[in-house]
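A short worksheet on the structure shown next.
The values are calculated or read from the model by the stated rules, or taken from the named source; none is laboratory data. Keep in mind it's a predicted model, so treat the numbers as computed, not measured. Backbone-built Cβ (ideal geometry, glycine too); neighbour counts: all protein chains shown.
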Amino acid sequence: MHANPGDLPWLNSIRKLFQAKPPESRRWIVLDVETSGLDPYSDRLLAIAAVAVEVSSNFENVSIVIGDSYEAVLKQDIPTNKENVLIHHIGRQAQTEGRPPEEVLEGFRQWAGDCPLLAFHAPFDEAMIHRAFKAFGLKPLLNEWLDIEPLAKITGVNPSIRALDEWLNHFGIECAIRHQAAADTFATAELLMRLWPQLKKEANSWASLRKLSRQASWIPGS
C-alpha cells in the first residue's frame with residue numbers, strides 16, 4: 001500500500017517552508033490631521049483627511065487613487081480660538097457642527113482597514129490619532145506607520161530641509177490651501193510620488209521601506 005504524498009509529514013513540512021507568503025497590501029493610506037495645537041499630549045484632534053495610493057506589484061510605481069479618500073471634522077464642544085482657525089481653516093461653526101468623534105474615528109478605521117499609514121512627520125499624526133481613540137474609549141488603531149519626512153533626505157537634497165513647505169517648493173508641488181488637511185494630504189501623496197524613483201532603488205517592500213525611513217531619520221540635520 002502506497003502512502004498518499006499528502007500524508008507524508010516531511011513533505012508537508014517542505015510545502016510549508018516554500019509556501020508563498022500572502023502579498024503585502026498594495027493600498028497605502030497617506031493622511032494628515034488638523035489639531036488645536038502642536039502638543040500631541042494636550043491638544044485636540046480636529047480633523048482627519050486621507051487618500052489611498054496604490055503601489056504596483058513590482059514596486060515600480062505609486063499612484064494616487066483620487067476616488068478613494070476620507071475626510072471628516074470631529075465635533076468640538078468648545079471651538080478653538082480665532083488665531084488657531086487662521087492656521088487650520090476649520091471655522092468655529094464647522095467645529096461645533098462636526099461629526100461625533102467616535103463616528104469619525106471608527107469610520108476612519110473601517111475605511112483604512114489594515115492598510116499601512118503614511119504621513120509627513122508621522123509620529124505627530126500617530127500620537128494624535130492614538131490619543132483620540134483612547135480618549136473616546138475605542139480600541140487602538142493597530143496599523144503600521146511610516147514617516148515620509150526622513151525618506152525625503154535620501155534624494156541628496158540639503159539634509160537640513162525639514163518642513164513640508166520646503167520639500168513642496170523643491171519639487172514644485174502646489175498645495176491648494178496649506179494647513180488644510182485634505183490639501184496637505186494630496187500634496188504629501190504627490191511628494192511621495194516624486195520621491196519614489198529614488199526610494200524604489202533602496203527598497204522593494206513595505207518592510208524595507210520602513211527600515212529605510214528609520215535609518216534615514218539618523219542622517220545629520222534630522
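Just to be sure I understand, how many residues within region 104-143 are charged (D, E, K, R) and either in contact with a Cys (Cβ under 9 Å, 6 or more places away or on another chain) or surrounded by 14 or more Cβ atoms within 10 Å (Cβ to Cβ) (or both)? Quick ask: steps written out before the conclusion?
Start the filter on region 104-143 by keeping residues that are charged (D, E, K, R), which leaves 106, 109, 114, 125-126, 131, 134, 139.
From what's left, either in contact with a Cys (Cβ under 9 Å, 6 or more places away or on another chain) or surrounded by 14 or more Cβ atoms within 10 Å (Cβ to Cβ) (or both): 106, 109, 125-126, 131.
Summing the residues that are charged (D, E, K, R) and either in contact with a Cys (Cβ under 9 Å, 6 or more places away or on another chain) or surrounded by 14 or more Cβ atoms within 10 Å (Cβ to Cβ) (or both) in region 104-143 gives 5.
Only one of (1) closer than 24 Å to K139 by Cβ; (2) within 22 Å of the chain's Cα centre (by Cα); (3) modelled with pLDDT of 85 or more is not met by V53, so which one is it?
Here V53 meets the rest and fails (1).
Looking at (1) assigned to a helix (DSSP H, G or I); (2) free of Cβ contacts under 8 Å to residues at least 60 places away in the same chain, can you tell me which one D68 breaks?
(1)
Output the residues belonging to region 56-65 that are assigned to a strand (DSSP E or B) and closer than 10 Å to M193 by Cα. Step through it out loud before you land on a result.
Of all residues in region 56-65, those assigned to a strand (DSSP E or B) come to 62-65.
Within region 56-65, V62, S63, I64 qualify.
Please specify each residue of region 98-126 satisfying the condition of being aliphatic (A, V, I, L, M) and in a helix (DSSP H, G or I). Quick ask: steps written out before the conclusion?
Step one: of region 98-126, the residues aliphatic (A, V, I, L, M) are 104-105, 112, 117-119, 122.
Correct list: V104, L105, A112, A122.
What pairs come out if I take residues in region 107-136 that are farther than 17 Å from A52 by Cβ and pair them with residues that are of a type in the set (D, E, K, R) and in a helix (DSSP H, G or I) whose C-beta lies under 8 Å away, six or more apart or interchain?
Matching pairs, first to second residue: H121/E149; F136/E102.
What number of residues in region 30-55 are in a strand (DSSP E or B) and surrounded by fewer than 16 Cβ atoms within 10 Å (Cβ to Cβ)? Break it down into steps so the answer makes sense when it comes.
Step one: list which residues in region 30-55 are in a strand (DSSP E or B), which gives 30-35, 45-55.
Now restrict to residues that are surrounded by fewer than 16 Cβ atoms within 10 Å (Cβ to Cβ): 54.
The total comes to 1.
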